[in-house]
Amino acid sequence: MSGRRGRGARAAAGFVLPFLALFALCYLAPVCYAVWTSLRRTVRTGPLGLGRQHEVFAGLANYGRALADDRFLAGFGRVLLFGAVQIPLMTALATVLALLLDSAAARWVPFFRGAFFLPYGVPGVIASILWGFLYVPGLSPLVRIAQAVGWDVDFLSRGSVLWALANIVTWQFTGYTMLVLIAQLKSVPGELYEAARIDGASGWQVARHIKLPLIRPALVLTTVFSIIGTLQLFAEPMVLRPLTSSIDSGYTPNLHAYSEAFVGGNAHRAAAEAVLLALVACAASFGFLRLVGGRGRQP
């Protein structure tokens, strides 16, 4: 009996240990290294600091400098405003598309499902380049059409470029969100729809009182993904930055940390900013889960 238990324990360890090794190597080790780097600073010796350099313990000094940087904090405010507008808009659009494709009257469902999902297969950098051509005055047919009807528009101006970025993200991720919601809709038992139809419920009433409440877990999941993705906004402003002066090196927190590390050569402060960004993403995600969890338990 004990021999059988021992073989079972070794078999379980054989399945679990590879995962734990990869998890420690690919997740825990980079996080620990980032935290360690954020607590260090480089000291240069010799005349005018041209001598040897070595690292010393700096405590929370890098965090203090990051939190005192107005451009870094402004980047946080910018992505939070971005998320407050873009996430509800994209989630509502994806929900409407999912409900339409799941309705009994829907036609050509595989075609439209694939067409809506197609932008998700386009890499973020390529999507930003494509939309960049549609934003640049002199190249963009959208700008020419707007000017033809008397609307002087500049998608890359300081007041518009944030929403130009939001448009790229919405275009790219609405189909992915829609597909997650459709998968949740397909798991709803058909007997519920049949009972609703027997009771005389309309299509809107079925969507309002059956489908939407039952896809709530998928809505929560995709919203959390969107919150994390919004705070990590990087590729889109990085690609559009050469096209406009409205995007600087601190436009988003991720862009600011990248500039500190690879342009300013201050890896320690960049690590501190990355850790702060991760903490904010965790706080926002768990705060949202706590908010919707509390509402879900209300009678």
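The values are calculated or read from the model by the stated rules, or taken from the named source; none is laboratory data. On a predicted model such as this, the values are computed, not experimentally measured, just so you know. For the accessible areas, the whole protein counts, side chains as well, though only heavy atoms, and no ligand, DNA or RNA atoms are used. Shrake-Rupley method; radii C 1.70, N 1.55, O 1.52, S 1.80 Å.
Kirkwood radius for the range 9-95, taken over all pairs of different Cα atoms as the inverse mean of 1/r, rounds to 17.9 Å. Each residue of the range 178-188 was assigned a 3J(HN,Hα) from its phi angle through the Karplus curve 6.51 cos²θ - 1.76 cosθ + 1.60 (θ = phi - 60°); the sequence is 4, 5, 5, 5, 5, 4, 5, 5, 5, 8, 6 Hz, with glycine and proline shown as x.
Solvent-accessible area of Phe112, all protein chains in place: 80 Å² (probe radius 1.4 Å, heavy atoms, ligands and nucleic acids excluded).
In the context of the full set of protein chains, the chain has a per residue accessible area of 60 Å² (1.4 Å probe). Distance from the Cα centroid of the range 149-173 to that of the range 66-131 is 14 Å (rounded to whole angstrom).
For the chain, the alpha-carbon radius of gyration amounts to 1.29 times the rule-of-thumb value 2.2 N^0.38 Å expected for a compact globular protein.
Of all accessible surface on the chain at a 1.4 Å probe, what whole percent is carbon and sulfur? Here carbon and sulfur together make up 68 percent of the probe-accessible area.
Computed from the alpha carbon positions, the gyration tensor of the range 164-214 leads to an equivalent ellipsoid with semi-axes of 30, 12, 6 Å, biggest first.
Counting only protein heavy atoms and using a 1.4 Å probe, the accessible area of Asp69 comes to about 30 Å².
Of all alpha-carbon pairs in the range 170-249, indicate the percentage at a distance above 21 angstrom. Every Cα pair in the range 170-249 considered, those over 21 Å come to 49 percent.
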